[in-house]
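First the structure, in the form of structure tokens, and then the observations on it.
The values are calculated or read from the model by the stated rules, or taken from the named source; none is laboratory data. What you see is a predicted model, and the numbers here were worked out from it, not measured in a lab. Cβ coordinates were reconstructed from backbone atoms using ideal geometry, including for glycine residues, and neighbour counts include every protein chain displayed.
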Amino acid sequence: MAKEVWKGGTVIYPVPVVMVSCGTMEGEKDIVTVAWTGTINTNPPMAYISLRPERHSYGIIKERGEFVINLTTKDLAKACDYCGVKSGRDVDKFKETGLTAYPASNVQAPIIYESPMNIECKVKNIVPLGSHDMFIADVVAVNVSDEYFDKSGKFHFNKSNPVCYSHGEYFTLGESLGTFGYSVRKKPLPKGKKSGSTPKKESHNTKPNSKNTKNKPKKSTSKAKRKQVR
């Protein structure tokens, strides 16, 4: 296998693609699609977005010092693309996409209600980099849709069909390859087997459990948001 050498460029893909909402519920509000975004610190929780200064939302975020990162799903992909190619100077993106502006809990900027996760951010620093300025922000609250919680309270974001961006195209995620640390985790023994013991033969006289085991979880139709700070 041979290697070609390219000049330096932006080739770290895939990346998240998100809709960033800004402004206020009562006044001007806008949505901008951003791929240069991510987590930059755990404690305190911090995130960033990088924007070109010529973007309409740039001035709004710089003036107000806050924004919301709204994660994108397969169902929201078309709206996400629209918010990336249209300017808030010309159109009302909430109106044109049919997305719902909803009050956030800790910032004045609205969240996008249809998004399964809304990350409320307050700008801490703005770093000019060249083509883009990086907005470094504290994550002050996270809103999550309750329809993706199971009975134990675990949040299953992957069930929302999240979308990523790679070389100009949008993609859904593929199959799970393992959980963090699976490469060094010892394989569990078969159920009921102890280390160094001989498995017992299964008895054919065991009676089946008479209790009804077909208790299906109820489907959640509520779109309420649960606030959660990581």
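If you go through segment 210-224 one residue at a time, do you hit one that is at pLDDT 90 or above and either closer than 30 Å to Val17 by Cβ or touching a His at 6+ places or on another chain (Cβ under 8 Å) (or both)?
no
Where residues in segment 125-139 are among the small types (Gly, Ala, Ser) and surrounded by fewer than 16 Cβ atoms within 10 Å (Cβ to Cβ), which of them is nearest to the chain's Cα centre (by Cα)? Give the steps one after another, and end with the answer.
Within segment 125-139, the subset among the small types (Gly, Ala, Ser) is 130-131, 137.
Remaining after also requiring surrounded by fewer than 16 Cβ atoms within 10 Å (Cβ to Cβ): 130-131.
Details: Gly130: 27, Ser131: 25 Å.
That would be Ser131.
For segment 20-51, which positions are over 17 Å from Gly65 (Cα atoms) and touching a helix residue (DSSP H, G or I) at 6+ places or on another chain (Cβ under 7 Å)?
Within segment 20-51, just Thr33 meets the criteria.
All but one of (1) in contact with a strand residue (DSSP E or B) (Cβ under 9 Å, 6 or more places away or on another chain); (2) not in a strand (DSSP E or B) hold for Ile49, so report the exception by its number.
(2)
Hey, among the residues in segment 140-161 that are modelled with pLDDT of 95 or more and farther than 16 Å from Met19 by Cα, which one's nearest to the chain's Cα centre (by Cα)?
The extreme case among them is Ala141.
Whether any residue in segment 10-17 is modelled with pLDDT of 95 or more, out of contact with any strand residue (DSSP E or B) (no Cβ under 8 Å at 6 or more places or on another chain) and surrounded by fewer than 16 Cβ atoms within 10 Å (Cβ to Cβ) is what I want to check.
no
What pairs can you find where one residue is in segment 40-64 and free of Cβ contacts under 8 Å to residues at least 40 places away in the same chain, the other is assigned to a loop (DSSP other than H, G, I, E, B) and exposed (fewer than 15 other Cβ atoms within 10 Å of the Cβ), and their Cβ atoms are less than 6 Å apart, with a gap of 6+ or different chains?
Cβ pairs passing all conditions: His56/Ser87; His56/Arg89.
Can you tell which of Cys22, Cys83 is closer than 19 Å to Ser166 by Cα, at pLDDT 95 or above and more than 14 Å from the chain's Cα centre (by Cα)? Walk me through how you get there before you give the answer.
Values: Cys22 fails: closer than 19 Å to Ser166 by Cα.
So the residue among Cys22, Cys83 that is closer than 19 Å to Ser166 by Cα, at pLDDT 95 or above and more than 14 Å from the chain's Cα centre (by Cα) is Cys83.
Can you find even one residue in segment 108-116 that is modelled with pLDDT of 95 or more, more than 14 Å from the chain's Cα centre (by Cα) and not hydrophobic (A, V, I, L, M, F, W, C)?
yes
Do we have Trp6 as of a type outside the set (A, V, I, L, M) and surrounded by 14 or more Cβ atoms within 10 Å (Cβ to Cβ) here?
no
Using the structure shown, decide if Gly181 is in a loop (DSSP other than H, G, I, E, B), farther than 18 Å from Gly38 by Cα and touching a His at 6+ places or on another chain (Cβ under 9 Å).
Details: in a loop (DSSP other than H, G, I, E, B): yes; farther than 18 Å from Gly38 by Cα: yes; touching a His at 6+ places or on another chain (Cβ under 9 Å): no.
Here the answer is no, as Gly181 does not meet what is asked.
Could you please find all residues in segment 69-83 being within 23 Å of Ile126 (Cα to Cα) and surrounded by fewer than 24 Cβ atoms within 10 Å (Cβ to Cβ)?
We begin by selecting, within segment 69-83, every residue within 23 Å of Ile126 (Cα to Cα); these are 69-71, 83.
Selection gives Leu71 alone.
Which of the residues spanning segment 121-169 are outside any loop (DSSP other than H, G, I, E, B), among the aliphatic types (A, V, I, L, M) and within 16 Å of Ile49 (Cβ to Cβ)?
Scanning segment 121-169 gives Val123, Ile126, Val127, Met134, Ile136, Ala137, Val139, Val140, Val142.
Could you check segment 91-121 and list, in sequence order, the residues that are among the hydroxyl-bearing types (Ser, Thr, Tyr) and crowded, with 24+ Cβ neighbours inside 10 Å?
To start, the set of residues in segment 91-121 that are among the hydroxyl-bearing types (Ser, Thr, Tyr) comprises 97, 100, 102, 105, 113, 115.
Result: Ser115, single match.
Please work out if Ser105 is in a loop (DSSP other than H, G, I, E, B) and touching a residue at least 12 places away in the same chain (Cβ under 8 Å).
Answer is yes for this residue.
In segment 20-43, how many residues are acidic (Asp, Glu), within 17 Å of His56 (Cβ to Cβ) and in a loop (DSSP other than H, G, I, E, B)?
1
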